[in-house]
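Undergrad: Before anything else, here's the structure in question.
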Amino acid sequence: MQWQYNLFAMKVSNGMAKDWIASLLYLVLFVFILPSDILAQKNRTKVKDPIDRKVDSVLRLMTLEEKVGQLNQYTSDWIFTGPITQDNDKVGQIKSGMIGSMLNVTGVEHTRKLQELAMQSRLKIPLLFGHDVIHGFRSTFPLPLAEAASWDLSAIEQSARIAAIESSAAGIHWTFAPMVDISRDPRWGRVMEGAGEDTYLGSLIAKARVKGFQGNGLGSLDAVMACAKHFAAYGAAVAGRDYNSVDMSIRSLWETYLPPFKAALDAGAATFMNSFNDLNGIPATGSKFLQRDILKGKWNYSGFVVSDWGSIGEMVPHGYSENLRSAAKSAILAGSDMDMESRAYKNHLAELVRSGEVPISVVDDAVKRILRKKFELGLFEDPFRFSDEKRQEKYWNYAPHLEAARDVARKSIVLLKNKNQVLPLAKQGKKIGLVGPFVHALKDHLGFWSIEWPDDTSRIISTWKGLTNYPGVTNSFLYAKGCDIAGVDKSGFEAALEVARASDIVVMTVGEARDMSGEAKSRSSLRLPGVQQELIDAIAKTGKPIVLLVHAGRPLVFDKAVDASAAVVYTWWLGTQAGNAIADVLYGTYNPSGRLPMTFPRTEGQIPIYYNHLNTGRPAQTDSQSLYVSAYIDLPNSPYYHFGYGLSYTTFDYSNMEVSDTIIRGNQKLTVRVRITNTGQYKGKETVQLYLRDISASVVRPVKELKGFQQIELNPGESREVSFVITTEDLKFYNDALVFDWEPGYFDIMIGPNAGKVMHKKVEWLK
Ligand code: BGC
């Protein structure tokens with residue numbers, strides 16, 4: 001096994017603790033205080049949680065500086081996921097108990113060495129190791145947005161589970177995931193990291209991911225702490241520009257942006273991360289409203305909140321804090337427990353407590369929340385329990401995980417067009433031209449937020465390898481790159497045209513490089529970069545049918561490319577098994593079943609565009625641009641692809657939609673049924689979607705809201721009835737007084753294959 005880093009490790013000495021007084025304290029703590037606490041509690045009627053008692057026992061031993069140390073988190077010196085702050089004395093600070101957690105340290109060897117340093121500190125409080133394990137670890141899974149396109153909650157949970165198994169085996173205790181930010185703006189590069197635009201789907205996915213990461217619960221050797229981020233509303237950055245301000249109504253916040261966080265909390269998310277943005281003028285990191293009133297107040301959250309990278313210090317440029325000292329004060333008072341990389345707490349918190357500006361109880365509360373997690377993880381009992389070389393070795397190249405990655409990857413692919421059933425491809429007797437900058441790409445399949453394994457691309461399956469090595473395939477293949485992902489060089493066009501002319505069909509690979517979507521990767525144009533569109537146009541002129549594979553971390557605007565192609569397959573960034581998953585779909589071994597988790601705009605001018613918008617007082621009835629309606633004069637309102645859209649190699653017919661009653665009273669339930677028939681030639685999976693509209697209410701309601709979905713698999717000719725049960729819970733919304741309740745009246749119940757194509761039934765729901 002090769003490791004890229006040794007910088008920090010070289011500074012680490014292996015010496016054992018020499019502080020006998022501290023050792024004695026430690027002995028007293030574990031041999032006498034903790035067991036006697038546990039014994040004592042048995043005799044009491046009103047017992048305190050045993051972990052709380054242990055936490056209190058440790059807290060009592062801590063100096064103010066040691067308490068502040070627990071709230072301090074640094075990155076390693078070799079991986080930076082934010083602006084670099086040089087700090088040459090991390091070793092010394094760990095040894096003196098001034099650091100509670102490190103991020104960007106991976107591998108048993110490294111985590112062990114740093115933990116050994118922590119064991120030299122006076123109280124031997126173990127370090128927490130956090131890392132951005134966003135979509136897989138050794139086995140890279142599809143981007144979270146791509147996984148959301150599977151609408152397959154158990155596959156998504158499984159993906160997070162495997163990420164937890166692999167990363168915990170490499171010494172990691174804590175992942176900074178899931179990112180549960182709703183976003184309706186594909187210019188924002190971080191849409192790749194979330195579950196898309198819908199609150200209902202996003203909440204279910206948030207839950208699945210937390211369950212996956214935390215498995216059987218903290219304390220299991222294969223569980224890592226989840227971190228619901230970025231609290232809150234980060235995904236609504238003005239103009240889709242990363243880190244930008246957010247200005248939104250409190251109702252939208254509650255209704256659209258907060259529910260996935262609540263779902264993550266309910267699923268047991270051990271930690272939360274706050275966010276860079278200001279929300280209505282208050283930086284989230286310094287927001288008491290978000291952290292104290294909502295999260296730790298109304299929601300009674302018992303985990304801890306970590307700041308985002310440097311976000312405490314960034315309250316100074318925001319114009320909210322005068323200096324780092326006042327930023328530290330605002331953040332801790334607002335409920336930010338751990339300072340990631342600002343050094344605001346480290347440099348100012350102790351003095352703020354001494355001066356009386358920050359009550360010690362506030363610091364104690366933050367420390368207790370963090371210590372609690374260290375106890376739950378079992379680190380006090382054994383700080384090295386995640387440092388098992390054998391386990392790391394086992395999961396380093398673990399084949400069953402690659403199979404799972406392949407399965408999730410093919411489920412994430414979305415078929416957008418398939419004219420004349422050009423797909424699936426025949427396995428024999430064809431000349432296939434493979435053209436485009438991603439045919440042999442490796443790392444570009446991993447996408448942003450994938451862990452770099454230097455020089456180890458051996459496990460990544462390229463599109464070329466996937467298609468040409470496929471079992472039973474005897475087609476002949478030609479290749480030309482044509483052009484780079486970006487840049488203006490067209491010198492490769494001619495070779496690409498020759499390949500096209502000599503082929504029966506051209507499979508073209510286009511899209512974004514792995515670092516074109518992600519943090520700080522906002523784009524104002526969502527078109528294909530470089531000269532890729534021109535390459536498509538040139539190939540189309542040969543008259544050869546094009547199967548277009550689009551690799552991207554966000555919805556792109558690529559209408560011209562779609563027009564020029566016979567088939568379009570949205571492959572996102574699929575991870576380690578990309579080429580195999582693509583081949584499974586292209587050869588028809590897997591009938592594509594992905595559905596878009598975000599609306600795809602016609603042009604950037606429609607953004608923000610989302611299916612669950614309000615109707616307005618002058619709704620445009622159709623896509624025709626009549627006068628004085630809410631429409632564009634140069635563009636239809638409808639999107640290029642609707643939320644929930646995706647094709648299959650087979651076709652599904654929706655019929656016989658029925659409701660159990662047209663008048664429903666109070667807490668009665670409404671059952672909605674629909675018959676789905678596979679009318680095509682292939683066995684296939686359909687995602688049946690249920691939407692609802694409250695036709696008139698005290699607060700205007702969206703034209704439709706997703707309230708349920710079911711995935712069913714049908715053989716050709718097979719037909720099945722699908723039913724949904726609707727209760728008053730599904731009718732609830734935040735009214736003008738921000739009370740979450742339902743109102744009687746008329747409701748439009750809709751069922752269909754996507755948000756743009758639904759059948760309707762109208763019902764009246766009485767109190
Ligand atoms: C990102 C977080 C991430 C953190 C640590 C920040 O820049 O916004 O999502 O977890 O860095 O890498």
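Undergrad: Look at segment 109-149 and say how many of its residues are more than 16 Å from the ligand (Cβ to nearest atom) and among the β-branched types (Val, Ile, Thr).
TA: The number of residues fulfilling the criteria is 3.
Undergrad: Can you name the condition, by its number, that Arg190 falls short on among (1) within 16 Å of the ligand (Cβ to nearest atom); (2) farther than 30 Å from Leu692 by Cβ; (3) basic (Lys, Arg)?
TA: Against the list (1) within 16 Å of the ligand (Cβ to nearest atom); (2) farther than 30 Å from Leu692 by Cβ; (3) basic (Lys, Arg), Arg190 comes up short only on (2).
Undergrad: Which pairs do you get when a residue that is over 17 Å from Trp449 (Cβ atoms), found in segment 126-137, comes within reach of a residue that is among the β-branched types (Val, Ile, Thr) and within 14 Å of the ligand (Cβ to nearest atom), reach meaning Cβ atoms under 7 angstrom, with the pair 6+ apart or on two chains?
TA: Once the first residue is over 17 Å from Trp449 (Cβ atoms) and sits in segment 126-137, its partners that are among the β-branched types (Val, Ile, Thr) and within 14 Å of the ligand (Cβ to nearest atom) give Phe129/Val105; Phe129/Ile172.
Undergrad: Quick check: is even one residue across segment 229-237 assigned to a loop (DSSP other than H, G, I, E, B), open to solvent by 10 Å² or more (accessible area, probe 1.4 Å) and away from the ligand (no atom under 14 Å from the Cβ)?
TA: The first filter runs over segment 229-237 and keeps only residues assigned to a loop (DSSP other than H, G, I, E, B), leaving 232-233, 237.
Checking which are open to solvent by 10 Å² or more (accessible area, probe 1.4 Å) leaves us with none.
For segment 229-237, residues assigned to a loop (DSSP other than H, G, I, E, B), open to solvent by 10 Å² or more (accessible area, probe 1.4 Å) and away from the ligand (no atom under 14 Å from the Cβ): absent.
Undergrad: May I ask you to say which residue of Ser458, Ser503, Ser462, Ser525 is more than 24 Å from Asp242 (Cβ to Cβ), surrounded by fewer than 17 Cβ atoms within 10 Å (Cβ to Cβ) and away from the ligand (no atom under 16 Å from the Cβ)? Even if it seems obvious, please write down each step before you answer.
TA: Numbers: Ser503 fails: surrounded by fewer than 17 Cβ atoms within 10 Å (Cβ to Cβ); Ser462 fails: surrounded by fewer than 17 Cβ atoms within 10 Å (Cβ to Cβ); Ser525 fails: more than 24 Å from Asp242 (Cβ to Cβ).
Answer to the check: Ser458.
Undergrad: Test of understanding: among Ala206, Ala177, Ala195, which residue is closer than 20 Å to Asp266 by Cα, in a loop (DSSP other than H, G, I, E, B), in contact (Cβ under 8 Å) with a residue 60 or more places away in the chain and within 16 Å of the ligand (Cβ to nearest atom)? Don't jump to the end; show me each part of the working.
TA: Details: Ala206 fails: in a loop (DSSP other than H, G, I, E, B); Ala177 fails: in contact (Cβ under 8 Å) with a residue 60 or more places away in the chain.
Only one candidate passes the filter, namely Ala195.
Undergrad: Further, regarding this structure: Is it the case that segment 477-489 has a residue that's aliphatic (A, V, I, L, M), within 30 Å of Ile172 (Cα to Cα) and part of a loop (DSSP other than H, G, I, E, B)?
TA: Within segment 477-489, not a single residue is aliphatic (A, V, I, L, M), within 30 Å of Ile172 (Cα to Cα) and part of a loop (DSSP other than H, G, I, E, B).
Undergrad: Right, something else. Condition first: over 25 Å from Gly378 (Cβ atoms), in the same structural domain as Glu166 (by TED's automatic domain parsing) and under 33 Å from the mean Cα position of the chain (by Cα). Can you find one or more residues in segment 60-77 that meet it?
TA: yes
Undergrad: Need at least 3 residues that are surrounded by 21 or more Cβ atoms within 10 Å (Cβ to Cβ) per element, so show me which strands (runs of 3 or more DSSP E) inside segment 634-710 make the cut, counting only ones lying wholly within it. Spell out the reasoning first.
TA: Details: elements: 652-659, 663-665, 670-678, 684-694.
The qualifying strands (runs of 3 or more DSSP E) are 670-678, 684-694.
Undergrad: Check whether at least one residue in segment 424-443 is closer than 16 Å to Val569 by Cβ and part of a helix (DSSP H, G or I), and report yes or no.
TA: no
Undergrad: What about Ser503, is it in contact with a His (Cβ under 9 Å, 6 or more places away or on another chain) and not in a helix (DSSP H, G or I)? Write out each step before concluding.
TA: Values: in contact with a His (Cβ under 9 Å, 6 or more places away or on another chain): no; not in a helix (DSSP H, G or I): yes.
Answer is no for this residue.
The values are calculated or read from the model by the stated rules, or taken from the named source; none is laboratory data. Quantities reported herein were computed from a predicted structural model and do not represent experimental measurements. Cβ: placed from backbone, ideal geometry, glycine included. Neighbour counts: every protein chain shown. To get the accessible areas, we keep the full protein, side chains included, count just its heavy atoms, and leave off ligands, DNA and RNA. Shrake-Rupley method; radii C 1.70, N 1.55, O 1.52, S 1.80 Å.
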